[in-house]
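Read through the structure below, which is laid out as structure tokens, and then see the notes.
Rule-based calculations on the coordinates, nothing more; no lab input. Remember, predicted model here, so these are calculated numbers, not experimental data. Cβ placement follows ideal geometry from the backbone for every residue including glycine, while neighbour counts extend to all protein chains displayed.
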Amino acid sequence: MKLGFSIILLTAIPLAMSPAQEILSSPFGFSKVTVAAAESEGQSRLTAISANFLREEKVSTLATLIDDYSDGYQSVVVSGADWASNEFLASPHLAYLTNAGGAEEAFLITGHTTDGQLTIHCGYDLRGDSETLETFGENVELVIRQAHTINSLFGSQVDEINRNDGFNLWSGKWVQYSYTGSMWVVAGDPFTDQGNTVIFPEEGLLIQRSQPTPLVFRFFGEVPTKVQTATLDAAGLHLISNRYPVSSTLAEQRIEQLAGWNSTQDSLYLWRNDSWKQFSHDGTAWRAAGNPFEDAGGTIIPPNSALFISRATATPTNTRQIPDYLSSEQ
């Protein structure tokens, strides 16, 4: 794989631990992501992107995942915590939980007490018994980070953004955001500030540039060093991010290993040359639409791009992305 970012820190820093313990600081990096210019004003152009760096750790600890799932919510308890009221709610925060297999998934924090009980939003019982979903034991690793939002990702460069540029998220249908010159709004509601809309780490974006100059965004943060997983809970289309700032290939994404993958009905789409290019896996190799004989598994997925997964089955499952720098350990 080709690195798509610059590492600026990767050192061993002894922290306040016992003499037998030493913690390696996480690698940090930055990347430039270019949104293609429109061919001319009024002739907009689309670019699929991901923002795959992590925000700063606020909490890193062992925690207890409570067996109390109900209607999409579950509790996590941190013993001995002393948090300020509203500490993780004044701005959106995510709870990253690591399961026994070492895979990490992010969940939105929707409530918490000052003494260490979190409520997280999740699509299924994380303590349940499932053959197709990542499940967690009672004891989990917990990291709390501030969530990326539209404003945190793009707010520093709003002077370069035109009010006719569209920032599109997929939620079963396209939801378009734009910057008015004073705030972020969603199509159909020009009066409510949407700058705090969460961009989850597994979400890709499709940006529509209206001007004949490109947009160049600079992203900075911590590079993921664990297997990253996310839940696909329904049939249909899912626009997912490339979770790491490195290029990968179709074969390396392991999408065909999703539970319930249907080799005759499920597909993957990459944004190439201003259109979505379709690929499917026939049980042996990836094939591009219209070219059923050539192995397309080596097709490059750029580090900051996004991809659509089309699933015919309603079997819930998890994506499981592993970059080259971790794959030898998995």
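Here's how it looks for residue 232: its modeled amide H is under 5 Å from those of 317, 318, 319, which are all 5 or more places away or on a different chain.
Computed over Cα pairs, the Kirkwood radius of region 224-327 leads via Stokes-Einstein (1.306 mPa s, 10 °C) to a diffusion coefficient of 114 µm² per second. Restriction of the chymotrypsin sites (Phe, Trp or Tyr not before Pro) in region 267-325 to DSSP coil positions whose beta-carbon has at most 14 other beta-carbons within 10 angstrom yields 293. Sequence-distant contacts, meaning Cα pairs under 8 Å at least 6 residues apart, place the relative contact order of region 57-146 at 42 percent.
Counting only Cβ charges, +1 for Lys and Arg and -1 for Asp and Glu, the dipole size of the chain around its Cα centre is about 1020 debye.
Computing semi-axes √(5λ) of the Cα gyration tensor in Å directly from the structure and comparing it against [x] 36, 23, 19; [y] 35, 27, 23; [z] 31, 26, 21 singles out [z].
In plain terms, the bigger the Kirkwood radius, the slower the diffusion; for region 45-163, with that radius from Cα pairs, at 25 °C and 0.890 mPa s, Stokes-Einstein puts D at 156 µm²/s.
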